[in-house]
Amino acid sequence: MTLSCSNNDSSFSRLALKDELLANLQTMGFKSMTPIQAQSLPTIIQGGDVIGQAKTGSGKTAAFGLGILNKLRVKRFRIQSLVLCPTRELADQVAKEIRTLGRGIHNIKVLTLCGGVPMGPQIGSLEHGAHIIVGTPGRILDHLERGRLNLAEVDTLVLDEADRMLEMGFSDTIDAVLDHVPNHRQTLLFSATYPEQIQSMAAAIMNKPKMVKVASTHESSSIAQYFYHTENNNDRLNALSSLLLAQQPESAVVFCNTKRETKDVAAKLANLGFSVVALHGDLEQRDRDKTLLQFANKSVTVMVATDVAARGLDIEAVDAVFNYHLAYDTEVHIHRIGRTGRAGTQGAAYSFYNEQDSYKMAILEEYLDQEIVSQALPEQSQLGLNPPQPSMVTLQIDAGKKQKIRPGDILGALTGENGIEGKQVGKIKITDFRSYVAVNRKVKGKALNKLTQGKLKGKTVRAWQLT
């Protein structure tokens, strides 16, 4: 059964939400619900199970986040909700949004438990308790097996990006976690795709769920798609480099189907002089964080990635998406190109194919309702002389939250007397012991000098360019 909601029913005020939540939504400028919110929230608030098929950027986090917060009993300091996510990045993103949505309700504690970070601080945080746990299946199970985590009073379970978790091999781990969660609970499952494995999982763990499916939030008209016939991988690489030289995108994602292919394409682009990083499942968490930081800061131009690695990432719209090989199915193709053309901007997607892709092409033609015609690659005269270089560089500072560093401190240090202009400073990210700031490439030397020769919070700090 698929739920629907007319435009007249899209106001949050029509929902039975707590006054504090409605007031906060108003201050955040959230006047009307997205399709996934309008179709799922009434059932979620009533306590029913929901399967939501929606992609990144659809507003699904606010849908389950508001549901969790609306039923939360703040004075009962027990873990009442558990949100499972495939990656640390998505878990951090989800926890941040839930905190923002719930800031009108005092004393709510949201705790993230993810792999790739030290266990010690998590143990300390668990000893102080929490209302909502957001984490990755492996680390959650680790804490459960060591007796540090009690989920006996969980009344809401959320599986976010469920298809991605199964792709990553978390099926048995999720089953083990569910053994510690009460059977009498509300279960919310969100997934970009709805393959047979997800259907089987839903049947096993959910109680008469309502199925909610929404189309992509990106209008097809905002993404121009181009297809190029290539005979082999050499053709593909030449086509990719030619288009990058001709279009000179400030940021581009190249999607590959395998980890090996991702590493190979990134290495070849680097040899050609492109500013490039690779994102795949073999990366250590530290290297993954560094890769994403540089790309998000626009201090790297091209990111070559697998679908599994790139799902659920909090990355702003990119100028162009390249499908080095066509995705295995249309759903994945649409998800890939949805990385561009966001927030009303015009995006571009370039896809390479050969005779072996005839079946995939036929399905795409049916979906797009048009005949796909191979485009001609740019003439040599249209190509830029050199690969596009990123407009920004990322500087790392040897101080963070533990030293009480805030974004304003870094901005002030950079733009103080004889410093750089505020418009030359990009994104600032602060972790426990390190801080990162993007600055315009033209003033990187001056910015670095301001940080190392000056003072930050009255103290001298070490800083260097991240490479």
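The values are calculated or read from the model by the stated rules, or taken from the named source; none is laboratory data. Keep in mind the model is a prediction, meaning the values are calculated, not measured. Positions of Cβ are backbone-derived with ideal geometry, glycine not excepted, and every protein chain shown enters the neighbour counts. Just the protein is used for accessible areas: all its heavy atoms, side chains included, with ligands, DNA and RNA removed. Shrake-Rupley method; radii C 1.70, N 1.55, O 1.52, S 1.80 Å.
In this simple spin-label model, placing a label point 7 Å from the Cα along the Cα-to-Cβ direction at both Ser374 and Thr330 gives a separation of 2.3 nm. For segment 45-144, the number of Lys pairs separated by eight or more positions or lying on different chains, with C-alpha atoms closer than 16 Å, is 4.
Computed from the C-alpha gyration tensor, the three semi-axes of the ellipsoid equivalent to segment 117-184 are 20, 15, 11 Å, from longest to shortest. The phi-based Karplus calculation (6.51 cos²θ - 1.76 cosθ + 1.60; θ = phi - 60°) puts the 3J(HN,Hα) values of segment 409-426 at 5, 5, 4, x, 5, 6, 9, x, 3, 6, x, 8, 7, x, 6, 8, 9, x Hz, whole numbers, x for Gly and Pro. Segment 352-467 gives an Rg/Rh value of 1.31, both radii derived from C-alpha positions and Rh following Kirkwood. Share of carbon and sulfur in the accessible area of the chain stands at 47%, probe radius 1.4 Å.
Would you mind giving the average projected area, over all directions, of the Cα convex hull of segment 86-213 in nm² with one decimal? Please list the in-between numbers first.
Working: hull surface 33.2 nm².
Average of the hull's projected areas for segment 86-213 equals 8.3 nm².
Residue ranking by accessible heavy-atom surface, 1.4 Å probe, largest first, among Arg103, Arg185 comes out as Arg103, Arg185.
Could you state the number of Å between the C-alpha centres of segment 98-171 and segment 211-282? Answer, in whole Å: 34. Dipole size of the chain about its Cα centre, with +1 on Lys/Arg Cβ and -1 on Asp/Glu Cβ: approximately 2680 debye, rounded to the nearest 20. Put simply, when 161-171, 60-70 are sorted by average Cβ atoms within 10 angstrom per residue, most first, you get 60-70, 161-171.
Largest first, the residues Ser13, Ser191 sort by 1.4 Å accessible area into Ser13, Ser191. Using a cutoff of 8 angstrom between alpha carbon atoms and counting only pairs six or more residues apart, the relative contact order for the chain works out to 14 percent. Among 380-391, 136-147, the peptide with the highest mean count of other Cβ atoms within 10 Å heads the list, and the full ranking is 136-147, 380-391.
Per residue, the chain exposes an accessible area of 47 Å² to a 1.4 Å probe, with every protein chain left in place. From most to least packed by mean Cβ count within 10 Å, the peptides 24-35, 266-277 give 266-277, 24-35.
Label sites at Thr100 and Arg14, each approximated as a point 7 angstrom past Cα along Cα to Cβ, lie 2.5 nm apart. The alpha carbons of the chain give a radius of gyration and a Dmax of 23.4, 69 Å, in that order. For Tyr226, the residues whose amide H sits under 5 Å from its own are Ala349, Tyr350, Ser351, ignoring neighbours fewer than 5 places away on the same chain, with H placed 1.01 Å from N.
Return the equivalent ellipsoid semi-axes of segment 19-146 as a descending list in whole Å, where each equals the square root of 5 times an eigenvalue of the C-alpha gyration tensor. Show your work: numbers first, answer last.
Numbers: eigenvalues 128, 58, 35 Å².
Ellipsoid semi-axes (Å, largest first): 25, 17, 13.
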